[in-house]
Amino acid sequence: MITTNNLTKIYGEQKALDQLNLRVNQGEIYCLLGANGAGKTTTINLLLGFIKPTSGIALIDNMSVHQNSQETKKKLAYIPENLMLYSSLTAIENLDYFSGISKKEFSKSELETFLIDAGLQKEVFNKRISTFSKGMRQKVGIAIALAKDAKALLLDEPTSGLDPKASNEFGLLLQKLCKKGVATLMATHDLFRAKEVATSIGIMKDGKLKEQFKGDKISLSKLEKVYLNTMDYKS
Amino acid sequence: MITKTFIKEIKEMVRDGRVKLSFLIVIILLGVTLWIRIGHYQNINEQYKNATITEREVWNGQGEKNPHSAAHFGTYAFKPKYPLSLIDQGVDKYVGISIFLEAHKRNESQFSAAADQTGLGRFGDLSPDFILLFIIPLLIILLGFNSFTKEREMGTLKLLKSLGINNWKWMIGKWISLFFPIFIISSVLFLTSGILLFNLNDFGIFNWSSLLWLFLIYICYYIVFINIVLFVSIKAKKSGISLVILLSIWIISCLAAPKAASNIAESKYHYPTKQEFNTMIMKDKRNGLDGHNPWSKQAILLEKKVLKEYGVDSLNQLPFNFTAYRTQIGEEHEAEVYFKHYKYLREQYNQQTNIYKSLAIISPYLPTRFLSMAISNTDYATHWDFSDSAENYRIKTQKFLNDNTAQNTKFGERGYKAKADFWKKLPAFNYNPPKLNNILIQNKSNLIILGAWIIFSFGLFLFNSKKI
């Protein structure tokens, strides 16, 4: 569902992404680990079509992102590190607006169902987003993805800044989506959450994918060790 | 999506305390100005009505009197306050409302409202045209300066783009949401004005089509501002930068450009001072026939010409009173002198107007202002028209009086008095302002420039859809 073939992005002299090859199938969660500047966000931006690759190709459902920008976006949902919504609108109004952009019309009860499925409590549906915590906003983001019926989900450090409980809830939500067949690519610094939810894990450095593992084939301590070695840290 | 964006933007606007406050201020200001102007309008028109009736009574009640004495006694031509001056008072405040009509002399209009005020009048009046031309564009800036920059700053733009937003539809949604409140405010003002004017004593001049045109002109003006505001919001990286740029545009187009146009026009096509103007007229008058002086060279030449024409040897043999005839010919010469010099003034005014019109390219304010004043019958052209109409009436009045003396007396006869009912035979002065069609034709270039502004600004706005 999400594929990159020799995806490369160069800014001037700087190689932000170097021949990245990865594949995330339906029902898989792929976690990209790496320090700041490793190329995780560049990968996501390329898959979203926000920037053009220098070479290589990014595919969503076997369609080139840059040749079929609008078509691929129909299959995608994206949650950034800080999901910013319209603060003066309520959760349900935000969901209604963003799902409307995807040309989907839902009744109020359907919208409420998406919010419930995203783990949001009913009492806050009609509260303005300005009163929401980051975790609650991320759940609205998930509800947007649910409403859109996205086949692929791109997450850019979504658990950064969340408390453990909220982070755990978010992880559970991802697993729920995974069971529904959504292909998820998540860029994160959170090794623990990656180990918990990922079906595959990749470690990036200087724009290159240095290591790849199956999530169930590696322990958390080993993952940490490999990560630190890759980053040239001394443990 | 256009509807969704429109609803979302309106909700955000309604929930924003600053927007609510500014809306409230504008509505209160409009209400107050309308209330003030209605009082003023009724007061002036009551005065006009009383003055017209009284002046006619004075004219009709002169009793038995020599017609030339009546010509010097004179009468007044009064200009009424036109209904749409309620919305745009134009130059009404600075030009007079009555002209004294007498023999031998074309007088300027007098009793301007500005002359009756203290120096505080320099601060200007709170009037609907001030709100419509200056404050509502500011409101548009306040409502729309961050329309696109806020999406960038908040990060919602990235989310919208990831959802595959249709830029064009999104922009249209935003455009409508900015246009809607402005349309509502303008509609309420114009509809209220129309209902009030329809029910006031307006001497039958008010018509809904003029009001509708005025409304459309202002709507076009706001459309230009909305397009510019949204264009700047698309291009600017930050809301603060967008606000500064837009306020600069407002200052240049609404404040600086009209004043610069005025200075340029005056320096290129200078208006003579009152003293220069009067001196030139006196000089030309002296070079022609003085109707009161039988010994002048021109009078003797006229005498010879008339005697020859009628084939008689003496003025006593003429079938009319030559003195009255000479007075009338003198009047006609003076009228020609006035016509020549006022024509020059008018040409200067037209040249100045052309400079204004050419500068309308840099400011949508200028064509809007011209059109607004013209449709409201409060522009300088209407005043010129009134002044010319009064002068024509003066010339006809003098002929009416001189002809009466010429037909009813003999040369050398003195002490003639017209009958007491004679004065009623002079038709009353009646001035009709230019019709809407004529106004629109005369302001064709302003309409074209305003239309060009709309096309240009829409182009700027819509051709940037890919740059979001």
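Using the structure shown, decide if B:N207 is more than 14 Å from chain A (Cβ to nearest Cβ) and either in contact (Cβ under 8 Å) with a residue 40 or more places away in the chain or of a type outside the set (K, R) (or both). Break it down stepwise before answering.
Details: more than 14 Å from chain A (Cβ to nearest Cβ): yes; either in contact (Cβ under 8 Å) with a residue 40 or more places away in the chain or of a type outside the set (K, R) (or both): yes.
Spelling it out, B:N207 is indeed more than 14 Å from chain A (Cβ to nearest Cβ) and either in contact (Cβ under 8 Å) with a residue 40 or more places away in the chain or of a type outside the set (K, R) (or both).
Taking the options A:A118, A:A145, A:A150, name whichever one is closer than 15 Å to A:F170 by Cα, within 12 Å of chain B (Cβ to nearest Cβ) and surrounded by 22 or more Cβ atoms within 10 Å (Cβ to Cβ). Can you show your working first?
Values: A:A118 fails: within 12 Å of chain B (Cβ to nearest Cβ); A:A150 fails: closer than 15 Å to A:F170 by Cα.
Exactly one of A:A118, A:A145, A:A150 is closer than 15 Å to A:F170 by Cα, within 12 Å of chain B (Cβ to nearest Cβ) and surrounded by 22 or more Cβ atoms within 10 Å (Cβ to Cβ), namely A:A145.
For segment A:67-81: of the residues being within 8 Å of another protein chain (Cβ to nearest Cβ) and outside any helix (DSSP H, G or I), which is farthest from A:D149 (Cα to Cα)?
Step one: of segment A:67-81, the residues within 8 Å of another protein chain (Cβ to nearest Cβ) are A:69-70, A:73-74, A:76-78, A:80.
Filter once more, so that each one left must be outside any helix (DSSP H, G or I): A:76-78, A:80.
Values: A:L76: 9, A:A77: 9, A:Y78: 12, A:P80: 18 Å.
Going through the qualifying residues, I end up with A:P80.
Looking only at segment A:24-49, how many residues end up being of a type outside the set (S, T, N, Q) and exposed (fewer than 15 other Cβ atoms within 10 Å of the Cβ)? Write out each step before concluding.
Going through segment A:24-49, the residues of a type outside the set (S, T, N, Q) turn out to be A:24, A:27-35, A:37-40, A:44, A:46-49.
Imposing the further condition that a residue be exposed (fewer than 15 other Cβ atoms within 10 Å of the Cβ) reduces the set to A:37.
So the answer is 1.
Given the conditions (1) in contact with a Ser or Thr (Cβ under 7 Å, 6 or more places away or on another chain); (2) under 17 Å from A:V182 (Cα atoms); (3) of a type in the set (A, V, I, L, M), report the number of the one that A:A118 does not fulfil.
Exception for A:A118: condition (1).
Check B:M171, B:M154 and return the single one that is without any contact (Cβ under 8 Å) to a residue 24 or more places away in the chain, within 14 Å of chain A (Cβ to nearest Cβ) and of a type in the set (A, V, I, L, M, F, W, C).
Details: B:M171 fails: without any contact (Cβ under 8 Å) to a residue 24 or more places away in the chain.
Exactly one residue qualifies, and that residue is B:M154.
What do you reckon, is B:L191 at pLDDT 90 or above, surrounded by 20 or more Cβ atoms within 10 Å (Cβ to Cβ), more than 13 Å from every other protein chain (Cβ to nearest Cβ) and on the phi < 0 side of the Ramachandran plot? Lay out the reasoning, then the answer.
Details: at pLDDT 90 or above: yes; surrounded by 20 or more Cβ atoms within 10 Å (Cβ to Cβ): no; more than 13 Å from every other protein chain (Cβ to nearest Cβ): yes; on the phi < 0 side of the Ramachandran plot: yes.
When the stated conditions are applied, B:L191 does not pass them.
Any idea which residue in segment A:87-101 is nearest to the chain's Cα centre (by Cα), counting only those that are buried (at least 19 other Cβ atoms within 10 Å of the Cβ) and either basic (K, R) or facing chain B (nearest Cβ under 8 Å) (or both)?
The extreme case among them is A:F98.
What's the number of the condition A:M84 fails, among (1) touching a strand residue (DSSP E or B) at 6+ places or on another chain (Cβ under 8 Å); (2) among the hydrophobic types (A, V, I, L, M, F, W, C); (3) at the interface with chain B (Cβ under 7 Å from one of its Cβ atoms)?
In the conditions (1) touching a strand residue (DSSP E or B) at 6+ places or on another chain (Cβ under 8 Å); (2) among the hydrophobic types (A, V, I, L, M, F, W, C); (3) at the interface with chain B (Cβ under 7 Å from one of its Cβ atoms), A:M84 misses (1) alone.
Can you spot a residue in segment A:30-46 that is touching a Lys or Arg at 6+ places or on another chain (Cβ under 7 Å) and aromatic (F, W, Y)?
No, that holds for no residue.
Sort out for me the helices (runs of 4 or more DSSP H) sitting completely within segment B:1-119 that have 3 or more residues that are within 14 Å of chain A (Cβ to nearest Cβ) and out of contact with any Gly (no Cβ under 6 Å at 6 or more places or on another chain).
The helices (runs of 4 or more DSSP H) meeting that bar are B:2-15, B:17-60.
The values are calculated or read from the model by the stated rules, or taken from the named source; none is laboratory data. The shown structure was predicted, so the numbers you read here are calculated from the model rather than taken from an experiment. Don't worry about glycine lacking a Cβ; one is built from the backbone with ideal geometry, like all the others, and counts go over all protein chains shown.
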